[in-house]
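One structure is given below, encoded as structure tokens.
What follows draws every value from the coordinates through simple rules; no lab data is involved. Remember, predicted model here, so these are calculated numbers, not experimental data. Every residue, glycine among them, receives a Cβ derived from its backbone with ideal geometry; neighbour counts consider all protein chains shown.
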Amino acid sequence: MTRYRAPLSDIEFVLHELCDLEGLSRLEHFSHAEPAVVADLLAEAGRFAAEVVAPTNQPGDQVGCVRHSDGSVTTPPGFKEAYRAYVDAGWGSVAFDPGYGGGGFPWLVGTALAELTSSANLAWSMAPGLSHGAIHLLERYGTEAQRDRYLSKLVSGEWTGTMNLTEPDAGSDVGALRTRAIPRDDGTWLITGTKIFISFGEHDLADNIVHLVLARTPDAPPGPKGISCFIVPKYLVDGDGNIGARNDVTCLSIEHKLGIKGSPTCVLSFGEGEGAVGELIGAEHRGLEAMFVMMNQARLAVGLQGLAVAERSYQQALGYALERRQGRAPGAPAGTHSLIVEHPDVRRTLLTMQAQIEAMRRLVYWNAAAIDRSLHDPAPEVREEWDEIAALLTPLTKAWCTDTGIEVTSLGIQVHGGVGYIEETGAAQHLRDARITSIYEGTNGIQAIDLVGRKLPMRGGAVMKDHLERIAALDVELADAGPELAGIRSELREAHAALVEATLWLASSAGSPTDVLAGATPYLRLFAMVTAGWLMARSALAAQARLDGIGDGSAGEAFLRSKVTTARFFCEQLLPPAVGLLPSITAGAAPLDAFDPETLAAG
Ligand SMILES: Cc1cc2nc3c(=O)[nH]c(=O)nc-3n(C[C@H](O)[C@H](O)[C@H](O)COP(=O)(O)OP(=O)(O)OC[C@H]3O[C@@H](n4cnc5c(N)ncnc54)[C@H](O)[C@@H]3O)c2cc1C
């Protein structure tokens, strides 16, 4: 199997040319995040991901996790050692508050680091990934005492975090959850209930697990407005942050599942005995709002998973295509057997994978940089603008990058032919691992509803209008760029026009709320493809500008030319079919209403 290699050249290109890392490092908060320091950091992280984490990926899939009769869970061979090395090196703390032991780097840099570990081992990387969400929630909603007690251990990685939303009758409909929280005289709460599907709900990687749990307090109103959020540690923590007695949280079972087998997906029982002791975080009945901080960060992280697993799948497919010989490619001498990479159809598949990966990376990283600017730019109006952009992009990043990650990992199997379908090869694991990403953290259907229901109406539609204008404004630069980018320009214009038409249709009285919901998923895809196309076009412009003056046949020149090639392929060949989604978006609900599942089910 091809060894994982961190794609540092493209990552650095994106950081500098699209996300303006230099500009971010000029903000007071990130003044130490100089590009040269970030480059060294990523080079070292790339080595760590390739040498320490990546070798645990296939064994993790083959062996999986084991739950023992006492409720403890053992992770696959090598996971514990890799996690210990991760904590010792301080990788998890890079993008967090120096006040709690963090490195104070932008979330953009944390995103790049997370891409590397997620490509190396998607299942393993969920442990630190969930902790990052818990840290964000505690930073924003924890009291000073709570932050002091939990944050430094979570930032260092000595403890991990979980998010506990799902229950048997409360999946997408979180508001239906039934876990109870009863107040105690000392200000703490007793939590009772069962949560299902809790990732890393129990494991052997860390000394303590900080569960963030949604529950209902007595007399809470029904639905989402009655939900509160609680910190429920596996081991109780005293005022000085020391671990004490075991809390009443039990792992009843772990799931047997399609992929990410190294990530224990737990059924957790809170309060098998007296009740699990928890403390309220944030205001009572405002728990969903607090959890949304964790969920938005987690949605970006799941979009990143789509990119990361696609990258790993691509590297493996490319390695195979450069070794496997079959048939004779056009122009090859008679009697020879060509490498499959020489066949035009295989080249098309590989270039499709590469172009989609680059487009995903640009969308995810730009979203992460928007979050950094929304939090740390000195000007309130600039912070506000980036906050709106991040809110608009998050459902796109989550849903499109995970759908695309699944498509790319499927293509990765295709490049291998029959051996891709055989487990020993390892190509199938990437598709199995990728498959969950469109389901958890809000299914992609729910992301589409969020986009049309909550994000498009932001500021009376003006946030979307600004975004459409931002995309349209690139046309002038593309017009000046000469004939090489003319195809990008014309396809982006056409796709942009389709997106404008679709958006106006959704916003107009032509679409009833049901009509809008019926078109939400194809709309999200069109929107994401146009935004990705715009980012790819910017990438081509940046590469072309840097190419001016280089004609030395160097590796740097070849790299920049490859950016133009992939951007052209994305915009000229992958973007046009997205325009064909317009009729699905504007068809309304009538064709779906005509579908009668009961009659069909009756035979
Ligand atoms: C491996 C794994 C790990 C997980 N990790 C965690 C975790 O760490 N913490 C946690 O809390 N949860 C976790 N989950 C749960 C996950 O977030 C839920 O499975 C997901 O939110 C969907 O809920 P559900 O499974 O109940 O599906 P349902 O909500 O029953 O949805 C079924 C289908 O109906 C659609 N649907 C539902 N409601 C609507 C609607 N209003 N409009 C349109 N379509 C709708 C959905 O899109 C989906 O296609 C995990 C799940 C898995 C499998």
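When the charge dipole of the stretch 11-106 is built from unit charges on Cβ atoms (+1 for Lys and Arg, -1 for Asp and Glu) and taken about the Cα centre, the candidate among 11, 59, 42 whose Cα reaches farthest toward its positive end is 59.
With r defined as the distance between the Cβ atoms of residue 550 and residue 289 and R0 fixed at 41 Å, what FRET efficiency is calculated, to the nearest 0.05? Computed FRET efficiency for residue 550 and residue 289 comes out at 0.20.
Here the 3J(HN,Hα) profile of the stretch 595-602, calculated from phi with Karplus coefficients 6.51, -1.76 and 1.60 at θ = phi - 60°, is 6, 10, x, 5, 4, 5, 5, 6 Hz, Gly and Pro shown as x. Seen from residue 216, the other residues with C-beta closer than 12 Å to its C-beta sum to a net charge of 0, counting Lys and Arg as +1 and Asp and Glu as -1. Charge dipole (Cα centre; +1 on Lys/Arg Cβ, -1 on Asp/Glu Cβ; no other charges) of the chain amounts to roughly 1100 debye. Residues 364, 232, ranked from the fewest to the most other C-beta atoms within 10 Å, line up as 232, 364. Overall, the ratio between the Cα radius of gyration of the chain and 2.2 N^0.38 Å, rounded to two decimals, is 0.97. Relative protection proxy for 348-355, 374-381, from highest mean packing down: 348-355, 374-381 (other beta-carbon atoms within 10 angstrom).
Between helix 107-120 and the chain there is an angle of about 80 degrees, using the helix long axis and the longest principal axis of the Cα atoms. Each other residue within a Cβ distance under 15 Å of residue 342 adds +1 if Lys or Arg and -1 if Asp or Glu, for a net charge of +3.
Sorting the segments 9-15, 517-523, 317-323 by their mean number of nearby beta carbons within 10 angstrom, highest to lowest, gives 517-523, 9-15, 317-323.
Comparing Cα centroids, the stretch 573-603 and the stretch 98-159 end up 41 angstrom apart. Using a cutoff of 8 angstrom between alpha carbon atoms and counting only pairs six or more residues apart, the relative contact order for the chain works out to 13 percent. One chain, two ends: residue 325 and residue 473. Fully extended at 0.36 nm per residue, the span grows by 48.6 nm beyond their Cα-Cα distance. A cut-off of 5 Å between modelled amide H atoms, ignoring neighbours fewer than 5 places along the same chain, links residue 237 with 244.
What is the Cα centroid distance between the stretch 447-518 and the stretch 203-242, reported in whole angstrom? For the stretch 447-518 versus the stretch 203-242, the Cα centre distance is 41 Å. Does anything in the stretch 244-285 have its amide N under 17 Å from the 7 Å Cα→Cβ label point of residue 70, and if so which residues? Those under the cut-off are 244-253. When the C-alpha to C-alpha distance is required to be over 22 Å, the pairs from 153/261; 225/455; 225/398; 80/153; 80/195; 153/234 that qualify are 153/261; 225/398; 80/195. Expressed as a whole number of Å, what is the distance separating the alpha-carbon centroids of the stretch 1-77 and the stretch 308-355? The stretch 308-355 and the stretch 1-77 have Cα centres spaced 27 Å from each other.
Can you give me the distance in nm between label points at residue 439 and residue 490, each placed 7 Å from the Cα along the Cα-to-Cβ direction? In this crude spin-label approximation the distance works out to 4.4 nm. Sorting 505, 366 by the number of Cβ atoms found within 10 Å of their own Cβ, with the fewest placed first, yields 505, 366.
Sites listed here are trypsin sites (Lys or Arg not before Pro) in the stretch 143-206 whose DSSP assignment is loop and whose Cβ has at most 15 other Cβ atoms within 10 Å: 178, 184.
Summarising the label geometry, the points placed 7 Å from Cα in the beta-carbon direction at residue 334 and residue 257 lie 5.7 nm from one another.
Modelled spin-label separation between residue 31 and residue 422, with each label point placed 7 Å from Cα along the Cα-to-Cβ direction: 6.0 nm. The phi-based Karplus calculation (6.51 cos²θ - 1.76 cosθ + 1.60; θ = phi - 60°) puts the 3J(HN,Hα) values of the stretch 414-425 at 4, 4, 7, x, x, 5, x, 8, 8, 4, 4, 5 Hz, whole numbers, x for Gly and Pro.
For the stretch 476-484, 3J(HN,Hα) computed residue by residue from phi via the Karplus equation (6.51, -1.76, 1.60; θ = phi - 60°) reads 4, 5, 5, 4, 7, 7, x, x, 4 Hz, glycine and proline entered as x. Counting every other Cβ atom within 10 Å of each residue's Cβ, 422, 413, 227 order from fewest to most as 422, 413, 227.
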